[in-house]
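Asker: Encoded as structure tokens, here's the structure I'll be asking about.
The values are calculated or read from the model by the stated rules, or taken from the named source; none is laboratory data. Bear in mind that the values here come from a model prediction, so they are computed numbers and not experimental data. Cβ: placed from backbone, ideal geometry, glycine included. Neighbour counts: every protein chain shown. What goes into the accessible areas is simple: the full protein's heavy atoms, side chains included, and nothing from ligands, DNA or RNA. Shrake-Rupley method; radii C 1.70, N 1.55, O 1.52, S 1.80 Å.
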Amino acid sequence: MRPAPVTIRPATPTDAPFAAPLIQATIGPIGWALTGTPSDAEAAEVIEQLFPLSGHRLSFERVRVAERDGQPLGLLLAYPGAAAELLDQPLRARLRALGQPDHIEPEGTPGELYLDTLAVSEAARNQGIGAQLLAAAAVWACELGLPRLGLLAQDGNPAARLYERSGFVAAGHRTLAGGHYTHLTRDLPPTAPSE
């Protein structure tokens, strides 16, 4: 019997317990820097608290969830690169309240839908779900009128093969939270005007 199809839907605040640990497991030290915490467990806890709130980069508003039969399997967290500075303001305020430096290096660049996090739960890997989430990101970017997708891939990231197969090319290098990353972009075909 064939498995049920995977569907991709906008996240809701109730997805926080699934999403937060998966996001943190994917972004690692960047999550520590954004939340002002020293460990994955503490960062995931803060992300879970922030996830149901609006107006910042880690909000449910920025997430699409892949699921099968109502069970979440993976997620995509993305936002327009031009909005990075604005979306990080609440996180900077949190860091200041903790008495920590509030500098957050913007990750996205103008003109792209920045894919902050693409993650699939361990049990659901190697089933094409990451590719389906990337396809959903392309649709999302077109809906927002953005001509390209962008992401940062840490050196040695095994997902780099998926990005390459999906048409991403290197567009520069960055250092964030002590890690070295390649900025990958994928230009999207122009959309036809709607009639």
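Asker: Which condition number does Gly150 fail, the rest of (1) free of Cβ contacts under 8 Å to residues at least 40 places away in the same chain; (2) outside any loop (DSSP other than H, G, I, E, B) being met?
Answerer: (1)
Asker: Can you pull out every residue in the stretch 84-101 that is surrounded by fewer than 16 Cβ atoms within 10 Å (Cβ to Cβ) and either under 25 Å from Leu149 (Cβ atoms) or in contact with a helix residue (DSSP H, G or I) (Cβ under 8 Å, 6 or more places away or on another chain) (or both)?
Answerer: Listed by number, the residues that qualify are Glu85, Leu86, Gln89, Pro101.
Asker: Tally the residues that are under 14 Å from the mean Cα position of the chain (by Cα) and in a helix (DSSP H, G or I), restricting the search to the stretch 20-52. Step through it out loud before you land on a result.
Answerer: Filtering the stretch 20-52 for residues under 14 Å from the mean Cα position of the chain (by Cα) gives 20-28, 30-31, 34, 47, 51.
Restricting the remaining residues to those that are in a helix (DSSP H, G or I) gives 20-27, 30-31, 34, 47.
Counting residues in the stretch 20-52 that are under 14 Å from the mean Cα position of the chain (by Cα) and in a helix (DSSP H, G or I) gives 12.
Asker: If you don't mind, another one. Please verify whether Leu58 is open to solvent by 40 Å² or more (accessible area, probe 1.4 Å), assigned to a loop (DSSP other than H, G, I, E, B), under 20 Å from Pro13 (Cα atoms) and at pLDDT 95 or above, treating the condition exactly as stated.
Answerer: No, not satisfied.
Asker: Taking the stretch 126-147 on its own, how many of its residues are open to solvent by 60 Å² or more (accessible area, probe 1.4 Å), assigned to a helix (DSSP H, G or I) and of a type outside the set (D, E, K, R)?
Answerer: Number of matching residues: 2.
Asker: What's the number of the condition Thr175 fails, among (1) over 24 Å from Phe60 (Cβ atoms); (2) within 14 Å of the chain's Cα centre (by Cα)?
Answerer: All conditions are met except number (2).
Asker: Among the residues of the stretch 1-19 satisfying the criterion of being closer than 20 Å to Gln127 by Cβ and surrounded by fewer than 12 Cβ atoms within 10 Å (Cβ to Cβ), which is nearest to the chain's Cα centre (by Cα)?
Answerer: Of everything passing the filter in the stretch 1-19, Pro5 is nearest to the chain's Cα centre (by Cα).
Asker: Only one of (1) under 26 Å from Arg174 (Cα atoms); (2) crowded, with 16+ Cβ neighbours inside 10 Å is not met by Val65, so which one is it?
Answerer: Among (1) under 26 Å from Arg174 (Cα atoms); (2) crowded, with 16+ Cβ neighbours inside 10 Å, the lone unmet condition for Val65 is (1).
Asker: Report, by residue number, each residue of the stretch 26-55 that is at pLDDT 95 or above, open to solvent by 40 Å² or more (accessible area, probe 1.4 Å) and aliphatic (A, V, I, L, M).
Answerer: Correct list: Ala41, Leu53.
Asker: A further question follows. Would you check if there is a residue in the stretch 95-115 being closer than 20 Å to Arg9 by Cα and aliphatic (A, V, I, L, M)?
Answerer: Checked the stretch 95-115: at least one residue is closer than 20 Å to Arg9 by Cα and aliphatic (A, V, I, L, M).
Asker: Do we have Ala43 as in contact with a helix residue (DSSP H, G or I) (Cβ under 6 Å, 6 or more places away or on another chain), within 15 Å of Leu98 (Cα to Cα) and either touching a residue at least 40 places away in the same chain (Cβ under 8 Å) or not β-branched (Val, Ile, Thr) (or both) here?
Answerer: Judged against the criteria, Ala43 is a match.
Asker: Taking the condition part of a helix (DSSP H, G or I) and either farther than 20 Å from Ala84 by Cα or touching a residue at least 24 places away in the same chain (Cβ under 8 Å) (or both), does Glu67 pass?
Answerer: Details: part of a helix (DSSP H, G or I): no; either farther than 20 Å from Ala84 by Cα or touching a residue at least 24 places away in the same chain (Cβ under 8 Å) (or both): yes.
Taking the combined requirement at face value, the residue does not satisfy it.
Asker: Still on this structure, I have one more. Mind checking which pairs have a first residue in the stretch 111-136 that is under 13 Å from Pro72 (Cβ atoms) and basic (Lys, Arg) and a second that is modelled with pLDDT under 95 and open to solvent by 20 Å² or more (accessible area, probe 1.4 Å), Cβ under 9 Å, 6 or more apart or different chains?
Answerer: So the pair list comes out empty.
Asker: Checking Ala160 against (1) of a type in the set (A, V, I, L, M, F, W, C); (2) modelled with pLDDT of 95 or more; (3) open to solvent by 40 Å² or more (accessible area, probe 1.4 Å), only one condition comes out false. Which one?
Answerer: (2)
Asker: Every residue in the stretch 84-103 that is of a type in the set (A, V, I, L, M, F, W, C) and either in contact (Cβ under 8 Å) with a residue 60 or more places away in the chain or out of contact with any strand residue (DSSP E or B) (no Cβ under 9 Å at 6 or more places or on another chain) (or both), please.
Answerer: Leu86, Leu91, Ala93, Leu95, Ala97, Leu98 - these are the residues of the stretch 84-103 that are of a type in the set (A, V, I, L, M, F, W, C) and either in contact (Cβ under 8 Å) with a residue 60 or more places away in the chain or out of contact with any strand residue (DSSP E or B) (no Cβ under 9 Å at 6 or more places or on another chain) (or both).
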